[in-house]
1. Would you point out the residue of the stretch 102-117, among those that are among the aliphatic types (A, V, I, L, M) and either closer than 13 Å to CYS86 by Cβ or over 27 Å from the mean Cα position of the chain (by Cα) (or both), that is surrounded by the fewest Cβ atoms within 10 Å (Cβ to Cβ)?
2. Scanning the stretch 57-104 for residues that are modelled with pLDDT under 85 and either in contact with a His (Cβ under 7 Å, 6 or more places away or on another chain) or of a type in the set (Gly, Ala, Ser) (or both), which turns out nearest to VAL287 (Cα to Cα)?
3. Hey, could you check the stretch 190-240 for residues that are at pLDDT below 70 and among the β-branched types (Val, Ile, Thr) and say which is farthest from TRP174 (Cα to Cα)?
4. Do the conditions hold for PHE271, that is, is it more than 18 Å from VAL52 (Cα to Cα), out of contact with any strand residue (DSSP E or B) (no Cβ under 7 Å at 6 or more places or on another chain), exposed (fewer than 13 other Cβ atoms within 10 Å of the Cβ) and at pLDDT 80 or above?
5. Name the residue, out of ALA145, ALA215, that is among the small types (Gly, Ala, Ser) and closer than 22 Å to GLU245 by Cα.
6. Considering the stretch 153-182 alone, what residues qualify as being among the β-branched types (Val, Ile, Thr), in a helix (DSSP H, G or I) and under 15 Å from TYR117 (Cα atoms)?
7. Quick one: LEU158 ticks every box in (1) surrounded by 19 or more Cβ atoms within 10 Å (Cβ to Cβ); (2) under 24 Å from GLY288 (Cα atoms); (3) of a type in the set (A, V, I, L, M); (4) out of contact with any Ser or Thr (no Cβ under 8 Å at 6 or more places or on another chain) except a single one, so which number is it?
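The values are calculated or read from the model by the stated rules, or taken from the named source; none is laboratory data. Quantities reported herein were computed from a predicted structural model and do not represent experimental measurements. Every residue, glycine among them, receives a Cβ derived from its backbone with ideal geometry; neighbour counts consider all protein chains shown.
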Amino acid sequence: MKEQIQTNRLKEIDIYKTIAIVMVVCGHVASNTVGVFSGFISFVHMPIFYFVSGFFLYKELKKYSEKELVKKKFFRLVIPYIVWSCVAFSANAVVLIAGKGMDIGALLDDAVQVFIYARSVWFFIQLFFAHMLFILIHKVVDKKALRVVINLVVWALLIVFCTTTIFCMWKIKWLYGFLLLGYICSEYDVLSKIGEVKQVKRGVIFLFCLVGWIAATVLSFGVYSTDLVYGFDDMPFSLNTLGIELSVWACGLTGMATIYFVSCVIAKFRFFDILYRMGSYTLDIYVGHMLLLFVIKKIPMPKELVFVLSFIIAFFFICVPLYILAKYFLRKIKLYRMVT
């Protein structure tokens with residue numbers, strides 16, 4: 001019975017990740033075209049990934065030493081960041097050379113934007129730094145309560161002082177809190193305890209989260225300069241921006257909770273097992289859709305709703321299944337396993 005509960009819980013988490021990556025693709029494709037509804041996408045998908053990352057980070061720290069985990073994170077996050085940034089830079093270089101000829105200055109500027117300012121796949125490098133920060137605190141502090149306090153203090157310092165655009169690190173100041181939340185939920189087995197709550201009570205909690213999510217998103221829309229498609233606001237710290245961004249954090253928190261309950265329901269139906277399977281390929285889908293979107297944006301055509309829907313349908317029902325099939329064979333190659 002214990003093994004079955006564990007399997008079901010992981011199935012829910014994989015479905016959770018799949019829903020989040022669908023939101024990422026929809027958010028990037030339909031950026032600035034769907035009005036207030038973009039808030040229901042953009043404020044939630046990255047918090048979900050940070051939450052899930054923190055959830056599994058607890059399990060990894062139980063299984064591996066800090067030194068072993070740092071090595072694994074380097075190969076899992078930094079190597080893919082370098083590889084896919086090279087791919088993105090190469091694609092940009094081809095377009096630049098085709099349009100302007102061999103402009104060394106433009107190529108160098110593009111290299112800085114891609115590799116230093118993480119314009120392409122920022123999620124990899126930023127998540128690596130977030131993990132390194134957390135693992136360092138875990139290494140030097142033994143007591144759980146003190147570890148929580150130090151992490152909260154570090155998070156507060158990030159909120160106030162972290163404004164650098166190098167590696168998009170200014171985004172970490174808000175997303176780090178979701179990583180902490182995921183770790184705590186895993187450490188204290190919160191998700192399993194939620195599953196043990198009576199169905200009626202879970203329904204009430206779900207409705208509370210749903211209403212809160214809708215209210216927070218609608219109230220926050222229009223007063224916030226950027227959304228989580230690009231990260232939280234990088235303006236200098238002030239009480240005004242703190243209040244605005246806390247409201248957006250509330251959007252992420254209530255949205256995360258709502259979608260988790262939806263994932264729990266979906267996990268009960270075998271018909272939706274494809275969503276469970278896709279949960280293992282979220283990083284691949286993230287990179288793939290970014291590269292495909294880059295190519296499509298270079299094609300002169302109207303970016304209307306029909307195009308948006310066509311891209312989403314083609315990506316998830318044609319490209320993703322073909323990729324999963326191809327990966328079955330590619331996983332046999334050691335170099336490929338290192339960069340994915």
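1. Keep residues of the stretch 102-117 that are among the aliphatic types (A, V, I, L, M), which gives 102, 104, 106-108, 111-112, 114, 116.
Still in the list and also either closer than 13 Å to CYS86 by Cβ or over 27 Å from the mean Cα position of the chain (by Cα) (or both): 102, 104, 106-108, 111, 114.
Values: MET102: 9, ILE104: 7, ALA106: 16, LEU107: 16, LEU108: 10, ALA111: 15, VAL114: 22.
Step by step, filter the stretch 102-117, then rank; the result is ILE104.
2. ALA88
3. To start, the set of residues in the stretch 190-240 that are at pLDDT below 70 comprises 221-236.
When the remaining residues are screened for being among the β-branched types (Val, Ile, Thr), the result is 223, 226, 229.
On the way: VAL223: 17, THR226: 13, VAL229: 13 Å.
Among those that are at pLDDT below 70 and among the β-branched types (Val, Ile, Thr), it is VAL223.
4. Numbers: more than 18 Å from VAL52 (Cα to Cα): yes; out of contact with any strand residue (DSSP E or B) (no Cβ under 7 Å at 6 or more places or on another chain): yes; exposed (fewer than 13 other Cβ atoms within 10 Å of the Cβ): yes; at pLDDT 80 or above: yes.
It is true that PHE271 is more than 18 Å from VAL52 (Cα to Cα), out of contact with any strand residue (DSSP E or B) (no Cβ under 7 Å at 6 or more places or on another chain), exposed (fewer than 13 other Cβ atoms within 10 Å of the Cβ) and at pLDDT 80 or above.
5. On the way: ALA145 fails: closer than 22 Å to GLU245 by Cα.
Result of the check over ALA145, ALA215: ALA215.
6. Our first condition is that a residue be among the β-branched types (Val, Ile, Thr); within the stretch 153-182, this holds for 153-154, 159-160, 163-166, 172.
Of the ones still in play, those that are also in a helix (DSSP H, G or I) are 153-154, 159-160, 166, 172.
Selection gives ILE166, ILE172.
7. Answer for LEU158: the failing condition is (2).
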